[in-house]
Amino acid sequence: MNRLKSNVSVLFMLFSTLFCVCLITANLLETKQINILGVSLTGGLIVFPVSYIINDCVCEVWGYAKARLLIWCGFLMNFFVVMMGAICDAIPAAPYWHNDAGFHAVFGLAPRIAFASFLAFLAGSFINAYVMSRMKIHDHGRRFSLRAIASTIAGETCDSVIFFPLALGGVVPLEALPALMIWQVVLKTLYEVIALPVTVRVVRYLKRIEGSDVYDNGMDYSVWKIFKISSGSNA
């Protein structure tokens, strides 16, 4: 068994940066409604599933504890951008500025939608990481592809079940919500499946370069132990 690591590597930092950028980008793209194959969706679909792929890679290589740190960092960075956007949106515009409506459309996120988005992200991301971690222990490190897909389905389902009723209940007809949630889960999971060959190669590369393949034996899965980043044992 290798010595447990309590530090973070350059590669982990790079993945953390990309994770935060994906979340912030997805939040901005959510302001546009898009149409894919006749299905109306939010623009965040383009990039948000990447955050789940990164979550899978981090949990598989570095373990749940560092995935937990990653999730909270992503939440705080996203919260910071949303708050700064809201403050700037509330400040009166310069006399020569005539694009208030466009700026407000992007950064004037309604408190109800912001709350739903943050809560759904935290719940979905932690469910994703938990399923990845527990399945890895159960499967003795085998069947990464199955773990990645199963954890995404669990996480995205949790995300959609929380976000859409809280954010769009009363706005979107009640009978339309289930179909909207199902389509989100299906398309985001399909995104993960299409990207899976690349994800598998990235995970293999990371394990080889980092010399890390953590199993979360005896892990405390509390979401609050943010700075406890030592995971279980290395294979």
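The values are calculated or read from the model by the stated rules, or taken from the named source; none is laboratory data. Computed from a predicted model, the values in this text were never measured in an experiment. Note that each Cβ is placed from the backbone with ideal geometry, even for glycine, and that neighbours are counted across all protein chains shown. Quick note on the areas: whole protein, heavy atoms, side chains included, nothing else; ligands and nucleic acids left out. Shrake-Rupley method; radii C 1.70, N 1.55, O 1.52, S 1.80 Å.
Quick look at the values:
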| read-out | value |
| --- | --- |
| When residues of region 7-26 are limited to those that are of a type in the set (A, V, I, L, M) and in contact (Cβ under 8 Å) with a residue 60 or more places away in the chain, the one surrounded by the most Cβ atoms within 10 Å (Cβ to Cβ) | LEU23 |
| Matching entry among ILE127, ILE137 (being under 17 Å from the mean Cα position of the chain (by Cα), in a helix (DSSP H, G or I) and either modelled with pLDDT of 95 or more or surrounded by fewer than 18 Cβ atoms within 10 Å (Cβ to Cβ) (or both)) | ILE127 |
| Pair list, Cβ under 7 Å, 6 or more apart: region 219-235 residue at pLDDT 90 or above, other residue open to solvent by less than 40 Å² (accessible area, probe 1.4 Å) and assigned to a loop (DSSP other than H, G, I, E, B) | MET219/SER231; MET219/GLY232 |
| Failed item, numbered, when ILE46 is tested on (1) touching an Asp or Glu at 6+ places or on another chain (Cβ under 9 Å); (2) surrounded by 14 or more Cβ atoms within 10 Å (Cβ to Cβ) | (1) |
| VAL81, sole failed condition from (1) open to solvent by 30 Å² or more (accessible area, probe 1.4 Å); (2) of a type outside the set (Lys, Arg); (3) part of a helix (DSSP H, G or I); (4) more than 27 Å from PRO165 (Cβ to Cβ) | (4) |
| For PHE75: the one exception among (1) in contact (Cβ under 8 Å) with a residue 24 or more places away in the chain; (2) aromatic (Phe, Trp, Tyr); (3) more than 16 Å from CYS22 (Cα to Cα) | (3) |
| Condition broken by LEU119, with the remaining ones in (1) closer than 30 Å to VAL58 by Cβ; (2) open to solvent by 60 Å² or more (accessible area, probe 1.4 Å); (3) of a type in the set (A, V, I, L, M); (4) touching a Gly at 6+ places or on another chain (Cβ under 9 Å) satisfied | (4) |
| Whichever residue in region 172-211 is small (Gly, Ala, Ser) and without any contact (Cβ under 8 Å) to a residue 24 or more places away in the chain and, among such residues, is surrounded by the fewest Cβ atoms within 10 Å (Cβ to Cβ) | ALA179 |
| Failed item, numbered, when PRO165 is tested on (1) surrounded by fewer than 12 Cβ atoms within 10 Å (Cβ to Cβ); (2) over 18 Å from the mean Cα position of the chain (by Cα) | (1) |
| Neighbours by Cβ (under 7 Å, 6+ apart or cross-chain): first from region 27-55, assigned to a loop (DSSP other than H, G, I, E, B); second crowded, with 17+ Cβ neighbours inside 10 Å and modelled with pLDDT of 85 or more | VAL47/CYS22; VAL47/THR25; VAL47/ALA26; VAL47/LEU29 |
| Per-region count, region 84-99, residues aliphatic (A, V, I, L, M) and either open to solvent by 70 Å² or more (accessible area, probe 1.4 Å) or touching a residue at least 60 places away in the same chain (Cβ under 8 Å) (or both) | 4 |
